[in-house]
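What follows is a single structure, written as structure tokens, with notes after it.
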């Protein structure tokens, strides 16, 4: 994490695309990934291939968690509908 600890860096971070993963090939020929977060940490996150893979895994886990929450909410709504009383003549 590279913080924007002065006005020049803050200006640079704010001019970069927000929270969009980018990459570049370093002098060593290795790919480095980065994205700017001017809203939360005022920093740029930088990492190698292993860090990128961890990031991708976290994204997948978050998507799975959101899908599970949506499925649970839908199941709860369906259960509530099933528990609703029908017309009064059904009782007889």
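Worth pointing out:
- Selection status of residue 27, exposed (fewer than 10 other Cβ atoms within 10 Å of the Cβ), farther than 15 Å from residue 1 by Cβ and under 16 Å from the mean Cα position of the chain (by Cα): no
- Scanning region 1-31 for residues being within 12 Å of residue 52 (Cβ to Cβ) and in contact with a strand residue (DSSP E or B) (Cβ under 6 Å, 6 or more places away or on another chain) gives a total of 4.
- Hits in region 40-53 (condition: surrounded by 10 or more Cβ atoms within 10 Å (Cβ to Cβ) and out of contact with any helix residue (DSSP H, G or I) (no Cβ under 9 Å at 6 or more places or on another chain)): 41, 46, 48, 49, 51, 52, 53
- Restricting the first member to region 64-84 and to residues that are surrounded by 10 or more Cβ atoms within 10 Å (Cβ to Cβ), and the second to residues that are at pLDDT below 80, no beta-carbon pair is closer than 7 Å while six or more apart or on different chains.
The values are calculated or read from the model by the stated rules, or taken from the named source; none is laboratory data. None of the values given here were measured: they were computed from a predicted structure. Virtual Cβ from ideal backbone geometry, glycine too; neighbours counted across all protein chains shown.
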